[in-house]
Each structure stands twice: as C-alpha cells, then as structure tokens.
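Enquirer: Below you will find the structure I want to go over with you.
The values are calculated or read from the model by the stated rules, or taken from the named source; none is laboratory data. Every value quoted in this text rests on a predicted model; they were computed, and no experiment measured them. We place every Cβ from the backbone using ideal geometry, glycine too, and count neighbours over all the protein chains shown. Calculation scope for accessible area: heavy atoms of the full protein, side chains included, ligands and nucleic acids excluded. Shrake-Rupley method; radii C 1.70, N 1.55, O 1.52, S 1.80 Å.
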Amino acid sequence: MAFTDPLDALEAVIRSRRGTDPGASYTASLFAKGRPKIAQKLGEEAVEAVIAAVRGDRAELIGEAADVLFHLLVVLVDAGLTLDDVRAELSKREGVSGLVEKAARPKAAAVAVAEPVEVPVAVPVAEPVAESPVAEPVPASSPLPLSGGSATGAKHDSNKASDREQALPRPLPQAGGGF
C-alpha cells in the first residue's frame, strides 16, 4: 500500500516492527522494553524539542519535532491507537474554542501524579559562582540546563559552597539519533 502522508507511512513501519527482533530494530527494542520506557523516551524528546525552541534553533527544532512525532506514534501503536483516532479527536474539536473545549473535559479524567521527590544534586565547584540577575545566552553547542535547584524546582538561598553546588543546573543527557 502506497502512502502519500509521511506520518501514515511511518505509522505503518512502526506497526510492522511490533513483535519483531529487538536486536534488529530500534523500534522493536522500544516495544520490547514496554510502554513506560516508550513514554519516557517520548518525554525526553519533548524536552529536547522545548530546549531547541527556546534556543531558537530551527534546524534542531525540526529534528526534535520529528523525534517527538516518531515516539508519539510508538506510544499510540503500543496503546492500540492510530493516527486516525487522533485525527477524529481533532475533528471533534475543530471550530471549538480551546478554552471552551478544555472547560468541557470531564474532571475525573485527570491523572494522579505522585508527590515531587527532592533529589539532591552534588556538583563540585572549583570557585564561587557569582549571582547574576541576567541570564547569559547559552551557546547552541552546550547542553541547556532545565532548572537550578532540586528536582522539584526549589531554589537554594544559602551562599554556602555545598548549597551552591546543589543549586547548579544539571546538563541534559545527550540522546542518540536514529530510529
């Protein structure tokens, strides 16, 4: 079957990889690891897309958007859903204000999220870090930190070296490419 839409073609390839040898295909290896791992990868790619958008790097954003769409399709296939299911939902929303649509969603559909857990991050500091009221631009070649402080986003107000070490942002892991 010939596809004119690249997303339809990609969905077909992803479906064909389900249940195949995980050693022969990145997609098959994702399926073998299960939905939590697939969802984790989707989240990682979404964060990378956000960072590319904030940096204003169009080429990087295009690549990360492709990765997000790929991993979203893997999640959909794993959940037994299709792009047509998503298209049908979008069609239902067409012509409806986003505010009205959101207000009409059932409140019981909210997902319970576990309480945030503070994860200390110790980064050695060779010299004191000067506080700056203005953030300096981050070169496109360096990893952009998500936030300072703990995993909950809490900032540390102390000037003790150990607190400054914990308040430093952590770089993002570098993800490999390819499907």
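Enquirer: So which residues in segment 23-50 are open to solvent by 60 Å² or more (accessible area, probe 1.4 Å) and either of a type outside the set (Phe, Trp, Tyr) or farther than 12 Å from Phe70 by Cβ (or both), if there are any at all?
Expert: Gly23, Ala24, Ala32, Lys33, Arg35, Pro36, Lys37, Gln40, Glu44, Val50 - these are the residues of segment 23-50 that are open to solvent by 60 Å² or more (accessible area, probe 1.4 Å) and either of a type outside the set (Phe, Trp, Tyr) or farther than 12 Å from Phe70 by Cβ (or both).
Enquirer: Would you call Ala49 part of a helix (DSSP H, G or I), within 14 Å of the chain's Cα centre (by Cα) and farther than 18 Å from Gly80 by Cβ?
Expert: Against the criterion (part of a helix (DSSP H, G or I), within 14 Å of the chain's Cα centre (by Cα) and farther than 18 Å from Gly80 by Cβ), Ala49 qualifies.
Enquirer: Then there is this: Looking at (1) over 29 Å from Ala32 (Cα atoms); (2) in contact (Cβ under 8 Å) with a residue 24 or more places away in the chain, which is the only condition Gly56 fails?
Expert: Single failed check for Gly56: (2).
Enquirer: Within segment 54-81, count every residue that is open to solvent by 60 Å² or more (accessible area, probe 1.4 Å) and either charged (D, E, K, R) or modelled with pLDDT under 95 (or both).
Expert: 2
Enquirer: Now, a different point. Exactly one of these conditions fails for Gly95: (1) within 21 Å of Ala9 (Cα to Cα); (2) outside any helix (DSSP H, G or I). Give me its number.
Expert: Exception for Gly95: condition (1).
Enquirer: Let me ask you something else. Given (1) over 14 Å from the mean Cα position of the chain (by Cα); (2) free of Cβ contacts under 8 Å to residues at least 24 places away in the same chain, identify the lone condition not met by Leu83.
Expert: (2)
Enquirer: Considering only segment 55-86, state which residues are among the charged types (D, E, K, R) and part of a helix (DSSP H, G or I).
Expert: Scanning segment 55-86 gives Arg55, Arg58, Glu60, Glu64, Asp67, Asp78, Asp84, Asp85.
Enquirer: Exactly one condition in (1) in a helix (DSSP H, G or I); (2) more than 15 Å from the chain's Cα centre (by Cα); (3) not basic (Lys, Arg) is not met by Asp21; state its number.
Expert: All conditions pass for Asp21, except number (1).
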